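Asker: Sending over a structure as structure tokens; questions will come in a sec.
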Amino acid sequence: GAVVSQHPSRVICKSGTSVKIECRSLDFQATTMFWYRQFPKQSLMLMATSNEGSKATYEQGVEKDKFLINHASLTLSTLTVTSAHPEDSSFYICSARGRLGTDTQYFGPGTRLTVL
Amino acid sequence: QQQVKQSPQSLIVQKGGIPIINCAYENTAFDYFPWYQQFPGKGPALLIAIRPDVSEKKEGRFTISFNKSAKQFSLHIMDSQPGDSATYFCAASTRGGNTGKLIFGQGTTLQVKP
């Protein structure tokens, strides 16, 4: 149980285009989803926290107009990287947490974004 | 105060050895301490987690030791295998107001030699 999927697993786009990444909890309802960014050989950096049906909470230094997050249902959150530039190239990973009061976060397999 | 400091940055052991990875924290409000394993190009996978009301937890070959007074916790991998070669992250979080967001350590790259 507790499987989280991401789509796509890999995407290459041109500078200036927007890219949408989906995160789905397959066998549980995720009241909270988290989006992380990871550069090579570095730790995970939390970008934002999203709760179903409400606006995402962004970490300091993360541009909310650049990284649009939507958590429209208990099983789906999306991250849209708007007007992507080469510096946005990174590994984006989502995680999901079940009902309130549980601590365990289950991570998706990640999405490798390359902006040319 | 929100940081979790992890060491060593990298570790090489022989097959069958017991690598130990250490983490330290400052925020006494942390009450959940998971360890994640990550292979290249994959998302992190939860290995084992502990709460501060116990000093040790074992799951298979993985053991967490927790020292509340020292604000330190560590991961031990018994009878390590080449397949354990990966990057390991410790993390910490609190219940309540901050929605349980995880603060990650810097990561430790483990290589287990055959």
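We did not get these values from a lab; they are worked out from the coordinates using the rules stated. Small disclaimer: the values here were computed from a predicted structure and weren't measured. Every residue, glycine among them, receives a Cβ derived from its backbone with ideal geometry; neighbour counts consider all protein chains shown.
Asker: Segment A:59-111: D in µm²/s via Stokes-Einstein (Kirkwood Rh, Cα pairs, 37 °C, 0.692 mPa s)?
Answerer: Numbers: Rh = 12.9 Å.
Diffusion coefficient, whole number: 254 µm²/s.
Asker: Output needed: Cys residues of chain A lacking any neighbouring Cys C-beta below 4.7 Å, sorted by number.
Answerer: If one checks each Cβ against the other cysteines of chain A, A:CYS13 turn up with nothing under 4.7 Å.
Asker: Looking at segment A:2-51, which trypsin sites (Lys or Arg not before Pro) are DSSP coil and have at most 15 other C-beta atoms within 10 Å of their C-beta?
Answerer: Details: sites: A:ARG10, A:LYS14, A:LYS20, A:ARG24, A:ARG37, A:LYS41; in loops: A:LYS14, A:LYS41.
Answer in residue order: A:LYS14, A:LYS41.
Asker: In addition: In whole Å and largest first, what semi-axes does the C-alpha gyration tensor of chain A yield when each eigenvalue is scaled by 5 and square-rooted?
Answerer: Equivalent-ellipsoid dimensions as semi-axes: 23, 14, 13 Å.
Asker: Right, next: Of the residues A:GLN38, A:GLN29, A:GLN60, which exhibits the maximal mean-square fluctuation in a Gaussian network model of chain A defined by a 10 Å Cα contact cut-off?
Answerer: A:GLN60
Asker: Another question about this same structure. From Cα coordinates alone, what are the radius of gyration and Dmax values for chain B in angstrom?
Answerer: 13.6, 46
Asker: How many percent of the alpha carbon pairs in the protein assembly as shown exceed a separation of 31 Å?
Answerer: On the way: 5750 of 26335 pairs.
Looking at the protein assembly as shown, the distances longer than 31 Å represent 22 percent of pairs.
Asker: Let me ask you something else. Which lysines, on any chain, are close to B:LYS57 with Cα under 27 Å apart, when same-chain ones fewer than 8 places away are left out?
Answerer: Partners found: B:LYS5, B:LYS15, B:LYS42, B:LYS68, B:LYS71, B:LYS101, B:LYS113.
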